[in-house]
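A short worksheet on the structure shown next.
The values are calculated or read from the model by the stated rules, or taken from the named source; none is laboratory data. From a predicted model like this one, the values you see are computed outputs, not experimental measurements. Every residue, glycine among them, receives a Cβ derived from its backbone with ideal geometry; neighbour counts consider all protein chains shown.
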Amino acid sequence: MSNKRKAIDIAYQAITYLASSVSLLALSMIVYFVWSNGSGLLNMDLLTKDYHAKYYNGEMVEVGDYSTTLRPSDLDDDIYYSEQYGIGLSDAKDREGNPIILVEYIASDSPMLKLADRNSEDIIALEEGMLISKVAFFDKATALRTFGAEYMVNELDSATDFREIVFTSLGGGIRGSIITTLYLIGMTMAMALPIGVFTAIYLNEFAKKNRITSTLRTLIDTLTGVPSIIYGLMGLAVFVPLTISVTPATSGNLISGSLTLAVILLPVIIKSTEESLKVVPDGLRQASLALGANETQTTFKVVLPSSIPGILTASLLGIGRVIGESAALIFAIGTAVKDDISIFGKSTSLAVHIWSMMTDEPANIELSSTIAIIILMIVLVLNITVKLLSKKFMKPMQ
């Protein structure tokens, strides 16, 4: 081999390694950015709690009914404990970085477990994990959260009664967005996967090669490259009025969003399934026909089972697109973050929730990064699951 040829080969290898390194570096930087900014907020409360906080205004039911529980020995030093009211408070920050007073502990005989709601006749209870905004007294100044947990505890211990205690649930959770995303995945795949698979079967197994089928394939390829925001406009103009006319929905809803996503996914599923059908050896088809099976039996009992790994891959691509889609859903569903989820109402998926957080002033980068971590973890789990299933279905064919 000449020196010139060796130099050219080395240059090609260097370009290949450089391009691979740049790709790996870019992906690593993205993962590092979202993890460093969002990992601090990643906990079960974020996944299971509502986004909107609930506010309560309480007052003591019986004055003089105090706690007799001494400070538990296992409480951390940074938790300030009121022995009179049997409550432990600490200074913390909410998911947006604002200072809060967090309820860390409540004794079983605390009067805070039985408070009269000033806005109704209900009995409400202060619970661990809630936030106290202020405690208003009759004969002295109000203890606000900005004064800190230690000040509030000292004021409680020096008062025999208080006029009002204002507390809230933590809020800021993404439970509603997770449920919305799961709804969208289920409904979208239920609509798109059967239509896409059967369309691919028709084009690859039954359709004759002519100008019509060639035009269909060209249109499908074209739809793959259409920006998703255009699909969102279609969803707003077609699917939202359609669902309003035939369902109890009054505006954008999960059904219209699922229909929009189904249209987006159809080209992806059709192309992926058709490619998996093409790689099935023709010898299997010919052997089946030679044994007396007709074309339909051969397709659905021989060819289709052999292409299951490809269909699973198409499903993975579809689910990943549903999880990551935002532009189309902004039009088809809306951007209202909801805790009570209905398929006939507005809501936000995880991706749209990120968009909503980033449009705030200032942008909530921490919570957006945390949601991005969750999306990456879901996609990773789906990827591993599909690979394992593909290996399982491939074994009988080997």
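Restricting attention to the range 1-40 and to residues that are of a type in the set (S, T, N, Q) and more than 32 Å from the chain's Cα centre (by Cα), the residue that is nearest to Ile373 (Cα to Cα) turns out to be Thr16. Residue-level check: of (1) surrounded by fewer than 19 Cβ atoms within 10 Å (Cβ to Cβ); (2) out of contact with any His (no Cβ under 7 Å at 6 or more places or on another chain), Gly310 misses just (1).
Screening the range 234-326 for helices (runs of 4 or more DSSP H) wholly inside it with 1 or more residues that are closer than 17 Å to Met187 by Cα and of a type in the set (A, V, I, L, M, F, W, C) returns the ranges 240-246, 254-278, 308-324. For the residues Asp74, Asp50, Asp109, the requirement of being of a type in the set (Asp, Glu), assigned to a loop (DSSP other than H, G, I, E, B), more than 21 Å from Met358 (Cβ to Cβ) and in contact (Cβ under 8 Å) with a residue 12 or more places away in the chain singles out Asp109.
Per-residue answers, yes or no, for (1) of a type in the set (S, T, N, Q); (2) modelled with pLDDT of 90 or more; (3) within 34 Å of the chain's Cα centre (by Cα); (4) within 25 Å of Arg163 (Cβ to Cβ):
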| site | (1), (2), (3), (4) |
| --- | --- |
| Tyr81 | no, yes, no, yes |
| Ser90 | yes, yes, yes, yes |
| Ile101 | no, yes, yes, yes |
| Ser110 | yes, yes, no, yes |
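Residue check: is Ser73 more than 34 Å from the chain's Cα centre (by Cα), modelled with pLDDT under 85, exposed (fewer than 13 other Cβ atoms within 10 Å of the Cβ) and hydroxyl-bearing (Ser, Thr, Tyr)? No; evaluated as a whole, the condition is false for this residue. Number of residues in the range 219-240 that are surrounded by fewer than 12 Cβ atoms within 10 Å (Cβ to Cβ) and either among the charged types (D, E, K, R) or under 25 Å from Leu304 (Cβ atoms) (or both) equals 1.
What do you reckon, is Ile333 buried (at least 20 other Cβ atoms within 10 Å of the Cβ) and either outside the structural domain of Pro267 (by TED's automatic domain parsing) or touching a helix residue (DSSP H, G or I) at 6+ places or on another chain (Cβ under 8 Å) (or both)? For Ile333, the condition - buried (at least 20 other Cβ atoms within 10 Å of the Cβ) and either outside the structural domain of Pro267 (by TED's automatic domain parsing) or touching a helix residue (DSSP H, G or I) at 6+ places or on another chain (Cβ under 8 Å) (or both) - is met.
Which members of the range 151-188 meet the condition of being among the β-branched types (Val, Ile, Thr) and under 24 Å from the mean Cα position of the chain (by Cα)? The answer is Ile174, Ile178, Ile179, Thr180, Thr181, Ile185, Thr188. Checking the structure you have, find out if any residue of the range 252-272 is at negative phi, more than 23 Å from the chain's Cα centre (by Cα) and free of Cβ contacts under 8 Å to residues at least 12 places away in the same chain. Looking through the range 252-272, none of the residues is at negative phi, more than 23 Å from the chain's Cα centre (by Cα) and free of Cβ contacts under 8 Å to residues at least 12 places away in the same chain. Looking only at residues in the range 241-297 that are within 16 Å of Tyr202 (Cα to Cα) and charged (D, E, K, R), the one that is surrounded by the most Cβ atoms within 10 Å (Cβ to Cβ) is Glu274.
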